[in-house]
Structures are given as structure tokens and as C-alpha cells.
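One structure is given here, and the rest of the page talks about it.
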Amino acid sequence: SGSAMSYLATAEGLDHVLGFALPGDTLRIIDIDRGDALCETEALETSEVCSIRLSELTALAGASEEGLDMLFEAINEFGARQYLPHVCNGKRDVEQRIEKFLLDYSDRLARGGFRSDEFALKMTRYNIARYLGTAPETVSRKLSMLQQLGIISVRGKTVRINNRSQLSGRVSAAA
């Protein structure tokens, strides 16, 4: 349960946000050779975390072909969730990145069995900005613009998607 943020610290001492984990997500994977994490993870709220040693995980997964498939799927999903958005976001303007972020976050909540039309963003605008490669003021301004258009409603950290088809259309048109 709970949510978390993963990030990398740069040589300049700045953190680069890689992604936001929701309940049921893989939080981080430990580098087997070095014995340390490939990134840092910070809880965004009170959370429960299950730590599994690689030896235990591979023993469980190796017990069946289905188990191995699930293990590789979790590792692939972790990698895609952490790194793919940064590759794809480079081709979008900031407005499109924010719209895609909202849709992706909503879709991930839906896959986890949570409400996807209205949800709390557990992360700060600052952390969203670091994730999307922009300024916090820009995130706030673009969210306000989407609210003025009636596509979303924002109240504090709670976002309601009022017109999902219009939001999806804006993201699709930009792709």
C-alpha cells in the first residue's frame, strides 16, 4: 500500500525523478553485482513494502514457467516505467507531457483496481516538474489551463478527469 518516488542523484547534487510507484508496483531492483540499488526510493505517504531477496524470488519464480514469466514481466515493467517516459517525453512539449502524465497515472490506478477518474496526486508539483523536466510553476499553470478548459478539476492534490476523451484526444493528436 502507499506510493513512492524513485530518483537518481546527479553529480551536481540534483535529483532526477525517474517515476512514481503505486500499490503493487516494483519499487526498485538491487544491482546484483554491486549489491546496491540502481536508484533511490522515497515514500510519499505511509506505505507497506515487501522486500524479497533475489534468491527467494528466483526460487519461487523457478518453480513454474508462469512464475518466471511474472518475474520477467515485473522487471520489464519496472524498467519501462522508470526510463521509457523520459525517452518519449523528449518529443512532446510540456503541455503534452502533463496531459500524458495524468492519463498514464489514471490508467495505472485503474489497472490496480483503484478509482481512475478522481485521484490524489501524492507527489508535490515540484516532484512532478522534476519528473517531466520542467518548472513547478509550469506544471501549476498547465493544470490550471486544463481546468479552465473543463477537461480536469483540481482541488489541492485531488484531480478529477472531467472529459477523458478530450484529454486522450489531446495526447493522441500530439503523438
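The values are calculated or read from the model by the stated rules, or taken from the named source; none is laboratory data. This structure is a prediction, so every number in the text was calculated from the model and none was measured. Neighbour counts are summed over all protein chains in view; Cβ atoms, including those assigned to glycine, are modelled from backbone coordinates with ideal geometry. These accessible areas exclude ligands, DNA and RNA; they are computed on the full protein's heavy atoms, side chains included. Shrake-Rupley method; radii C 1.70, N 1.55, O 1.52, S 1.80 Å.
A few points about this structure:
- Sole exception among (1) out of contact with any strand residue (DSSP E or B) (no Cβ under 9 Å at 6 or more places or on another chain); (2) at pLDDT below 65 for Tyr83, by number: (1)
- Qualifying residue in the stretch 52-60 (condition: at pLDDT below 85, open to solvent by less than 70 Å² (accessible area, probe 1.4 Å), under 15 Å from the mean Cα position of the chain (by Cα) and not aliphatic (A, V, I, L, M)): no
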